[in-house]
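Worksheet: one structure, shown below.
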Amino acid sequence: MIDAEGVKKQFGPRVILRGVDVKVETGETFVLIGGSGSGKSTFLKSCIGLVRPDSGSIIVDSMDITKLRDEESIAKYRRKFGYLFQEAALFDSLTVADNVVFGLRYLRPDISETKYRAIATDKLALVGLKGIEDLKPSQLSGGMKKRVSLARAIAAEPGYVLYDEPTTGLDPIMSDIINDLILDLKKKLGVTSIVVTHDMKSAFKIADRIAMIYEGRILQVGHPDVMKITNNEMVRQFVEGRSEGPIKMKLKEYD
Amino acid sequence: MSEAATTTAESPSLLEAMGGRALNVAESMGQFTMLVRSSLFWAIRAPIEWRQTVTQMLHIGVQSAPVSILTSLFTGMVLALETGSSFINLFNEPVFTGTIVSFAITKELGPVMTAVVVSGRAGAAIAAELGTMKVTEQIDALYTLGTDPVRYLVIPRVIAFLIVLPILSIFSDFAGVFGGGLVGYLKLGIPPNIYWHEVFDHLDTEQFFHGLVKTFFFAFCISFISCFKGIFTRGGAEGVGRATTEAVVYSMVSVLVADYFITAILVAIGIT
Ligand SMILES: Nc1ncnc2c1ncn2[C@@H]1O[C@H](COP(=O)(O)OP(=O)(O)OP(=O)(O)O)[C@@H](O)[C@H]1O
Ligand SMILES: [Mg+2]
């Protein structure tokens, strides 16, 4: 279970998170939606300790990442997670295959190095990629990088996976393949996950619950069916993707 | 009157600027100390990444060997030319040219010139590479994959530097002394056997050691500063550029400053 309470974060004078409360049950797929720049990635990074919140607590399996200080216990905490970066963050000095199996050496010493190649091929197949094991990340398209990064995040079969926009930049068919993969990981391995996404179709397909973040707080949490028929005007506007409504984006006015 | 008024008007912002600067320096010093501490932690607690270390040794060696040997060769040549021609003026003969060149090169110029060249070559490369990794979140990715940037990136580079810099320095020593002999023979008419006699009659292992000890300290300075600048890069491509320049400048300055203090200590304990 991931239990975040009162998570606050500001960068300099800009307050990003004003007290986020999120409780993700074991085996649940929790989808986080919200405007661009609303702090979704910041929250996801807080969960794994890449960003240190100013206050609040994030407890996973009775360890509170915001209280951990020594490098060993932080490392132990992080080992529970797989993390898909929004911008892929592949190691550009390594081949695709080496990228995918990179974490195994540290996270899964029980797996022998002779199996790495097969595992890389296997995980790449899961995300719909074939025959690119020996390419360098610079030779891949944006969507391919994203999928290699996803393969890397799940290679060690972590119990928790944090996905930062898994379907962004993918074509509709590939997006759906990734949706199925996320559902599969949940069903077969009981993975607990938080998915940040702008893709409403994907959100409604994979979510057990959807939460919307707005102005640094969780505006509403609920079952996808509830979110579809919500009375909250702001959530409605966001889910339906309308420019008119209570949420005003700061734009230059044309006349 | 008006002058006083402007000073009072300006002094808060000046103070603020100085205070801000001091805070930045203090913060950087803190982060640097943390990096060194964390390196010690990982060096003790986790196996060394030998594959990375060897790759880095090759990188640093191959990148820097040609330049550092060339630099040293010409330093030896110009030293021989300067001392030889001065001594011809003073004593009518270029006596002790070999002694002076070999002393200056092995104790001082070989190690220092090598360190300066390597700062500019390998130090810059490290800062640029780690800086790029930082701004593209590859450093964060290391954390999420069960390792640590200090363990995976910093320690291999520091060890590689500790091994490669002394070797490069020894090559440079040879190149410098050889360059001196070459100029001595071709321009000053010193017969090679006399030159080598002058070199080896006065040079002993202690002097050689004096030079070598320095290189280990230089290796620490350059590798930690370059890694530090890389890992703490902020602000996109522009930040990477800034980190790279700063890494080179700070490495070079720290090498020259450290050089004086290490020499002072070595002299004080009698290794001269
Ligand atoms: N390291 C940082 N330093 C300063 N400001 C930051 C930093 N990281 C994020 N921010 C700011 O925090 C805000 C939230 O960023 P974040 O990346 O969490 O947004 P997001 O919700 O993921 O947006 P998107 O949907 O576009 O990915 C942004 O306004 C950004 O400028
Ligand atoms: Mg984001």
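Please treat every number below as a calculation from the coordinates, not as lab data. Computed from a prediction, not measured in an experiment: that's the story for all the values here. With ideal geometry, Cβ positions are generated from the backbone for all residues, glycine too; neighbour counts draw on all protein chains shown.
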Ranked list, fewest to most other Cβ atoms within 10 Å of each Cβ, for A:His223, B:His59, B:His202, B:His210: A:His223, B:His202, B:His59, B:His210
Separation of the B:Val54 and B:Leu186 label points, Cα + 7 Å toward Cβ, nm: 3.9 nm
Between segment A:189-204 and segment A:23-43, the alpha-carbon center distance in angstrom: 9 Å
Unit charges at the beta carbon, dipole of the protein assembly as shown: most positive-side option, A:Val226, B:His197, A:Val22: A:Val226
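Report, in debye and to the nearest 20, how large the dipole of segment A:92-157 comes out about its Cα centre when Lys and Arg carry +1 and Asp and Glu carry -1 on their Cβ.
Working: 11 positive and 8 negative charges, 40 e Å.
Roughly 200 debye for segment A:92-157.
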Compactness index (Cα Rg / 2.2 N^0.38 Å), segment A:52-185: 1.11
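If the limit is 24 Å between Cα atoms, which of A:Lys40/A:Lys146; A:Lys80/A:Lys188; A:Lys23/A:Lys146; A:Lys40/A:Lys228; A:Lys67/A:Lys146 go over it? Display every interim value, and only then the final one.
On the way: A:Lys40/A:Lys146 18 Å; A:Lys80/A:Lys188 17 Å; A:Lys23/A:Lys146 27 Å; A:Lys40/A:Lys228 21 Å; A:Lys67/A:Lys146 32 Å.
Pairs exceeding 24 Å: A:Lys23/A:Lys146; A:Lys67/A:Lys146.
For peptide A:80-92, what's the mean number of Cβ atoms from other chains within 10 Å of each residue's Cβ? Can you show the working numbers first?
Details: counts 0, 4, 2, 6, 2, 6, 1, 3, 4, 9, 4, 7, 5.
The mean count of partner-chain Cβ atoms within 10 Å per residue comes to 4.
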Inter-site label distance for A:Gln237 and A:Glu157 at 7 Å from Cα along Cβ, in nm: 4.7 nm
Unit charges at the beta carbon, dipole of chain B: most positive-side option, B:Ala43, B:Gly98, B:Ser251: B:Ala43
Positive-end residue, the protein assembly as shown charge dipole about Cα centroid, Cβ charges, pick of A:Gly143, B:Thr71, A:Val195: A:Val195
Kirkwood Rh, angstrom, the protein assembly as shown [1 / mean 1/r, Cα pairs]: 26.9 Å
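Quick check on chain B: take the gyration tensor over C-alpha atoms, sort the square-rooted eigenvalues as a ≥ b ≥ c, and tell me if it's rounded (a/c under 1.5), prolate or oblate.
On the way: a/c = 2.51, a/b = 1.53, b/c = 1.64.
It is oblate, given that a/c is not under 1.5 and a/b is not larger than b/c.
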Helix-derived mean residue ellipticity, 222 nm - over the protein assembly as shown, DSSP H n ≥ 4, -39500 (n - 2.57), to 500: -19500 deg cm²/dmol
Label-point separation in nm, B:Thr272 to A:Glu5, each point 7 Å along Cα→Cβ: 7.0 nm
Ranked B:Ser254, A:Ser62, A:Ser73, B:Ser172, criterion: other C-beta atoms within 10 Å, fewest first: A:Ser62, A:Ser73, B:Ser254, B:Ser172
Pairwise FRET efficiency - A:Ser93 versus A:Glu25, Cβ, R0 = 35 Å, nearest 0.05: 0.35
Inter-part distance where segment B:202-272 and segment B:147-198 are each reduced to a Cα centre, Å: 16 Å
Within the protein assembly as shown, percent of DSSP bridges classed antiparallel, to nearest 5: 55 percent
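Starting with the fewest neighbours, write out B:Val112, A:Val221 ranked by other beta-carbon atoms found within 10 Å of each beta-carbon.
Numbers: B:Val112 22, A:Val221 16.
Neighbour counts put them in this order, fewest first: A:Val221, B:Val112.
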Backbone HN-Hα couplings from phi across segment B:185-199 [Karplus 6.51/-1.76/1.60, Hz, Gly and Pro as x]: 6, 7, 9, 10, x, 7, x, x, 5, 5, 4, 5, 4, 4, 5
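How big is the dipole moment of chain B about its Cα centre under a simple scheme where the beta carbon of each Lys and Arg is +1, that of each Asp and Glu is -1, and everything else is neutral? Debye, nearest 20, please. If you can, show how the numbers build up before the last one.
On the way: 14 positive and 20 negative charges, 135 e Å.
Magnitude of the dipole: close to 660 debye.
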Stokes-Einstein diffusion coefficient of segment B:97-183, Kirkwood radius over Cα pairs, 4 °C, 1.567 mPa s, in µm²/s: 86 µm²/s
Against the rule of thumb 2.2 N^0.38 Å, how large the Cα Rg of chain A comes out: 1.03
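Restricting to lysine pairs 8 or more places apart or on different chains, what number in chain B have Cα atoms under 26 Å apart?
Values: B:Lys107/B:Lys187; B:Lys107/B:Lys214; B:Lys134/B:Lys229; B:Lys214/B:Lys229.
Lysine pair count for chain B: 4.
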Paired Rg and Dmax values of segment B:113-272, which use every Cα atom, in angstrom: 19.7, 66
